[in-house]
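Written below as structure tokens is the structure these notes are about.
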Amino acid sequence: NSSTFDIIRLTAGWTHDTRNRAILADRGMYTDLSAELAVPGGGLAFYKLNYHELGYIPLNKDITLYLNGQVSYGDGYDGTTGLPFFENFFAGGPQSVRGFKVNSLGPKDGLNRALGGAFMTVANTEVFFPMPFVGASKSLRLSLFFDIGNVYDKISDFDPGQLRAGAGVSVTWISPVAPLTFSLGWPV
């Protein structure tokens, strides 16, 4: 038995960016607020809110501190109970909490597969510095990182004791094809 839904989405967002470069920045801030509303009449009614902030703080000429935080929340309304499962937030992996498999954090099903959730929080701290023996480079950067976060079924399930953390080392290279990042992380 399958169900089909038409979803009518309204989205709005605000972004403020003061970074000195979009790729391999070493100073500035980036703030992004977004909201998505699936309006009644389309079969499902839900909303999603996202707040994302990051900053690059130069510690000296060659070393930069990077701080990143993201909080996302969603829920149903007008007869839709909870956030639909296919709209859930996921965390784990290179874009959120390194040291864990991609989209592996949060509630699990009976086969230990991540289900995602309606509330996600992620924070990253990273210290960027030049690659040893390479000198000053605008295309290659080494870092040490510490990531923390998790996904919860509902916002009321949030428990700081259930946050998962990872730490490790990362290399970013602006290759001729595209920016590439290689991270080696471990759960803490």
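The values are calculated or read from the model by the stated rules, or taken from the named source; none is laboratory data. Since the model is a prediction, treat every value here as computed from it, not as a measurement. Here Cβ is always computed from backbone atoms with ideal geometry, including for glycine, and neighbour counts include all displayed protein chains. To get the accessible areas, we keep the full protein, side chains included, count just its heavy atoms, and leave off ligands, DNA and RNA. Shrake-Rupley method; radii C 1.70, N 1.55, O 1.52, S 1.80 Å.
Regarding Ala12, is this residue open to solvent by 30 Å² or more (accessible area, probe 1.4 Å), more than 16 Å from the chain's Cα centre (by Cα) and aliphatic (A, V, I, L, M)? Against the criterion (open to solvent by 30 Å² or more (accessible area, probe 1.4 Å), more than 16 Å from the chain's Cα centre (by Cα) and aliphatic (A, V, I, L, M)), Ala12 qualifies.
Which of the residues spanning region 143-163 are aromatic (Phe, Trp, Tyr), open to solvent by less than 50 Å² (accessible area, probe 1.4 Å) and under 15 Å from Pro94 (Cβ atoms)? So that I can check it myself, show each step before the final result.
Taking region 143-163 first, the residues aromatic (Phe, Trp, Tyr) are 145-146, 152, 158.
Still in the list and also open to solvent by less than 50 Å² (accessible area, probe 1.4 Å): 145, 152.
Answer for region 143-163, where residues must be aromatic (Phe, Trp, Tyr), open to solvent by less than 50 Å² (accessible area, probe 1.4 Å) and under 15 Å from Pro94 (Cβ atoms): just Phe145.
Of the residues making up region 103-132, those that are closer than 23 Å to Tyr66 by Cβ, assigned to a loop (DSSP other than H, G, I, E, B) and at pLDDT below 95 are Pro130, Met131, Pro132. Of all residues in region 16-56, exactly one satisfies the criterion of being open to solvent by less than 60 Å² (accessible area, probe 1.4 Å), outside any strand (DSSP E or B) and on the phi > 0 side of the Ramachandran plot, namely Leu24.
Taken as a whole, the condition of being more than 27 Å from Pro84 (Cα to Cα) and acidic (Asp, Glu) applies to Asp147.
Go through Leu140, Leu180 for me and flag whichever is surrounded by 14 or more Cβ atoms within 10 Å (Cβ to Cβ), of a type in the set (A, V, I, L, M, F, W, C) and touching a Phe, Trp or Tyr at 6+ places or on another chain (Cβ under 6 Å). Steps first, please.
On the way: Leu180 fails: surrounded by 14 or more Cβ atoms within 10 Å (Cβ to Cβ).
Only one candidate passes the filter, namely Leu140.
For region 108-137, the set of residues classified as hydroxyl-bearing (Ser, Thr, Tyr), touching a residue at least 40 places away in the same chain (Cβ under 8 Å) and open to solvent by 40 Å² or more (accessible area, probe 1.4 Å) consists of Thr125 only.
Can you pull out the residues in region 133-158 that are touching a strand residue (DSSP E or B) at 6+ places or on another chain (Cβ under 8 Å) and outside any strand (DSSP E or B)?
Looking only at region 133-158, we keep the residues that are touching a strand residue (DSSP E or B) at 6+ places or on another chain (Cβ under 8 Å), and these are 134, 138-155, 157-158.
Hits for region 133-158 are Val134, Lys138, Ser139, Asp153, Lys154, Ile155, Asp157, Phe158.
The set of residues in region 166-184 that are touching a residue at least 60 places away in the same chain (Cβ under 8 Å), under 10 Å from Ser139 (Cβ atoms) and of a type in the set (Ser, Thr, Tyr) contains only Thr172.
What's the total number of residues in region 67-97 that are assigned to a strand (DSSP E or B), among the hydroxyl-bearing types (Ser, Thr, Tyr) and open to solvent by 30 Å² or more (accessible area, probe 1.4 Å)? Step through it out loud before you land on a result.
Step one: of region 67-97, the residues assigned to a strand (DSSP E or B) are 67-76, 89.
Add one more test, that the residue is among the hydroxyl-bearing types (Ser, Thr, Tyr), and what stays is 72-73.
Within this subset, residues satisfying the condition of being open to solvent by 30 Å² or more (accessible area, probe 1.4 Å) are 73.
Total satisfying the criteria: 1.
A residue that is at pLDDT below 95, over 14 Å from the mean Cα position of the chain (by Cα) and acidic (Asp, Glu) occurs nowhere in region 80-101.
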